[in-house]
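Working notes, beginning with the structure itself.
The values are calculated or read from the model by the stated rules, or taken from the named source; none is laboratory data. Everything quoted here is computed from the prediction, not taken from an experiment. Glycine also receives a Cβ, built like all others from the backbone with ideal geometry; neighbour counts cover every protein chain displayed. To get the accessible areas, we keep the full protein, side chains included, count just its heavy atoms, and leave off ligands, DNA and RNA. Shrake-Rupley method; radii C 1.70, N 1.55, O 1.52, S 1.80 Å.
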Amino acid sequence: MSVLNEPLPELATPPTEVRTRVLVAGIALSSFSALLLELALTRVFSVVLFYHFAFLAISIALLGLGAGGVFAHLCKSWVDRFEVRTVAAICSLLGAVATPLVLEIVLHVPVSLKLTLGNFVRLTAIYSSSAVPFFLVGIAFSVIFARESSRIPRLYGADLGGGAVACLSVVPLLNWIGGPNAILVSALASAMAAMVWTSAARNLRRCSVVCAALLVLVIAANHSGRLADIVWAKGARQKNVEFAAWNAISRVEVDHQSDGAKLIVIDADASTYIMNADPTQWRGSVWQHNLMSAVPAVVNVLRPHGEYAIIGPGGGVDVLRAVANGSHSVTGIEINPIIANTIMRGRYADFAYHLYQRPEVHMRVGDGRSFVRNASSQYDVVQMTLVDTWASTAAGAFALSENNLYTTEAFREYFAHLKPEGMLSITRWEFRQPREALRVASVASAALHELGVADVSRHFVVLAQNQLNEDGIHVAVVAKKTEFTAEEEAEVQRYVALYPPIKLLYAPSVQEDNAFSRLIRSNDPYGFSASYPYNVSPVTDNAPFFFFTFRPERLLRKGHWSMDWKVNLGVAVLAMILVISVAAVLAFLILPLLLLGARRRHPTQAIFYFVAVGLGYILVEIAFIQRFVLFLGHPTYALTVVVFLMLLSSGAGSVVSRKWLDDSSRIWIALAAIIPALAICVWALPGLLDHYIGAAFAAKLVISGCLLVPLGFAMGMPFPTGLRALAESQAQSSSIEWAWAMNAASSVLGSVLAIVIAIEFGLNATLACGAGAYALALLLSRKLRLRPSAA
């Protein structure tokens, strides 16, 4: 739970009176700056580092804000020498200067795939430097709220209002000016906050104005990334880039190759070639030989004139194959408008022979699964080829938009939109010991079983590009709605014979002994997976981690880190960030208070109440973000909507908690409301979101508000009411700051823990653990009502 979203302790009111409107404006700008920086960093981290690191921004923000509050408490005698507006102005101005420096560090410090001490040190440097702006905001806010306790309702409303505007602004800012410039806008907001805070201090005002003016010039000059853009990405220096553009989904660039080819690269990772061929001149061309000798082409052989729905067409390889082989209707569903519109139908339309503007090609921009589900048409082929952009979300590692494309529920929807003889074709990477394409077969088997197919053994054809090896090759899994006929099998055999490198791994009449044949003929994907070295069991919307096939016990064995490096890296990153987070929490939150406050008595059990509340909030928030990814169509939209609604509603709950729970002993009422509400969400939320997934986007926003606002409103009450109860019952004023720091610490660690729980047990379990944390808080809440004499 972000400290920005939490009311701070009410301490002594200073004698100096500060105009409320100045406080409101300054806090709103500072809150806007901090939350915009947090959200923009998730996008930049996904490009510069890896998508696994994107949620690092949440941990950084929580740590920095909490550490700032601890610093203000431990150095209170020194900080009290300065007038409140002076403290806020200095912190805001330093934040405006520090933020561009953080951007430079993030863009210029390379972190590669290698799990070395050097990479660990560089990642720690990025982590520590990125926390500085949040640290400064934490100092300013703790001082302001401590000295202006009588105005907390309005000040906290300004805090929430600024954060809400940041949530609403991040998507258009990323679309219009890109990730680096969005970070610079957060610095500009911090400089403007410094201008608001300064009054009589002319030097501070002059410095703030100059800083703001310079940032405006830099943002204007950096249009299209002329000054600050990606230098290092995934440990490699960027080169051969001839076009680049940002949006809320990803950073997309076009690289030129030495042979004249053009390569679309997404977040400096996933790539797709732009097709440079005329479909009318296809026959006998090199393009025909190259594209038809790839295993996804088997569906073009079986259904040359069929209607196609292609999810994630990218540069158009599947579209070109379908059109050139005679399809009269090809629907491409591309989630990224930069690829579909700016590149393929704009800047590079001539290079691509206007492929996406042909009359038989119908391009749609949106989430593939949502489009197919809402489509009124039925298709001969639904096709996905290597769709894995590794797009990030602050919800955590393994949070890919594509994961929701590979669940049993998704496959069931694809089959439902196929004609009676239609086919689902999924191409994935595969290795000597299969697990990725094998899992596709497992998910498809489960979906067919749910649709009433008793024996799936005659519903599959599986082809590999060549012999399976340790480096990985393409494998196409074709699942037919009805059984493959003898004629279709013969056509597949002729196709394989025409292109000798291709290997037929499975067909109904082929007696091959391999993992695919054993899984499909077993007719029991769950039973097969239970005894298989990798986890290839069907995945569901409750735990949509399709790419996570490694079993935990295998991760500890030596020699298993050379394959599936992205998945392995994700596990390593979770462990690495957990270590860094624990170390940072100990270094900046726990140890300072332990060492400098060793002689003070603290109500240990009462403090654990704030740990439980912080842990519960972050578990629920991350579970909701993941749940709403499919419902809203993309991780960025889910992050923005969920955080915005929970921030706003929790703030409202915090503001009214003083009136509704005027007696702090009634804190149990809010907790007693939250626990059953979360239990209902565990049971009802998946079905409810699934039922309304076809609604218009505006209607989805209304539904999201109806679901999240009441719960967020209640979740905003336990923390401020607990602080008030602690202040009333404890003689030591330091207990409040201790509680605040422990709440921040639990949120930092909880952001990692939420993903671990989701991977191992599912999103429902994550929500249930959130409810359990609030139940623990309910049990501990009675410790908050001790009288001073009992402390």
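Taking 7 Å along the Cα-to-C-beta vector as the label spot, tell me the LEU498-SER376 distance in nanometres, rounded to one decimal.
About 3.7 nm separates the two model spin labels.
Please compute the modelled spin-label separation between LEU168 and SER531, points set 7 Å along Cα→Cβ, answer in nm with one decimal.
Distance between label points: 6.0 nm.
Once fully extended, how much extra length lies between ARG21 and TRP683, figured as 0.36 nm per residue of separation less the alpha-carbon to alpha-carbon distance? Spell out each step's value before the answer.
Details: separation 662, 0.36 × 662 = 238.32 nm, distance 4.50 nm.
Stretched out fully, the ARG21 to TRP683 stretch lengthens by 233.8 nm.
Subtracting the Cα-Cα distance from 0.36 nm times the residue separation, let me have the gained length for ASP259 to VAL216 in nm, one decimal. List each step's numbers first, then the result.
On the way: separation 43, 0.36 × 43 = 15.48 nm, distance 4.09 nm.
Using 0.36 nm per residue and subtracting the Cα-Cα distance, I get 11.4 nm.
If the convex hull of the alpha-carbon atoms of the range 211-349 is projected onto planes in all directions, what is the mean projected area in square nanometres? The partial results should precede the final answer.
Details: hull surface 41.2 nm².
The Cα convex hull of the range 211-349, projected and averaged over all directions, gives 10.3 nm².
What nm value, rounded to one decimal, do you get for the distance between GLU360 and VAL582 when each label is placed 7 Å out toward the C-beta?
About 6.0 nm, to one decimal.
Give me the number: length gained by fully extending GLU242 to SER271, i.e. 0.36 nm times residue separation minus the C-alpha to C-alpha distance, one decimal in nm. Each step should come with its number before you reach the end.
Numbers: separation 29, 0.36 × 29 = 10.44 nm, distance 1.48 nm.
The GLU242-SER271 span can extend by a further 9.0 nm.
Return the subset of LYS76/LYS659; LYS234/LYS262; LYS481/LYS503 for which the Cα-Cα distance in this structure is over 28 Å, preserving the input order.
Details: LYS76/LYS659 30 Å; LYS234/LYS262 20 Å; LYS481/LYS503 23 Å.
Violating the 28 Å limit, Cα to Cα: LYS76/LYS659.
Among all the aspartates and glutamates, which ones have a C-alpha under 12 Å from LYS239's C-alpha, if same-chain residues fewer than 8 places away are not counted?
Answer for LYS239, where 12 Å is the Cα cut-off: GLU253, ASP255, listed by chain and number.
Run through the range 460-493 and list the GluC sites (Glu not before Pro) located in a DSSP loop whose Cβ has at most 11 other Cβ atoms within 10 Å. Mind showing how you got there, number by number?
Numbers: sites: GLU470, GLU483, GLU487, GLU488, GLU489, GLU491; in loops: GLU470, GLU483.
For GluC sites (Glu not before Pro) across the range 460-493 that sit outside H, G, I, E and B with at most 11 neighbouring Cβ atoms in 10 Å, the list reads GLU470.
Counting other C-beta atoms within 10 Å, and keeping those with at most 11, which DSSP coil trypsin sites (Lys or Arg not before Pro) do you find in the range 230-271?
On the way: sites: LYS234, ARG237, LYS239, ARG251, LYS262; in loops: LYS234, LYS239.
Filter output for the range 230-271: LYS239.
Magnitude of the Cβ-charge dipole of the range 238-368, K/R +1 and D/E -1, about the Cα centre, nearest 20 debye?
Values: 10 positive and 13 negative charges, 48 e Å.
It comes to approximately 220 debye.
Give me the percent of the accessible area of the range 464-551 that comes from carbon and sulfur atoms, probe 1.4 Å, all protein chains in place.
Details: 1880 of 3650 Å².
C and S atoms contribute 52 percent here.
Where Lys and Arg each count +1 and Asp and Glu each count -1, what net charge lies around ARG521 among other residues with Cβ under 11 Å from its Cβ? Intermediate values should be presented prior to the final figure.
On the way: positive: ARG458, ARG518; negative: ASP455, GLU512, ASP513, ASP524.
Net charge around ARG521: -2.
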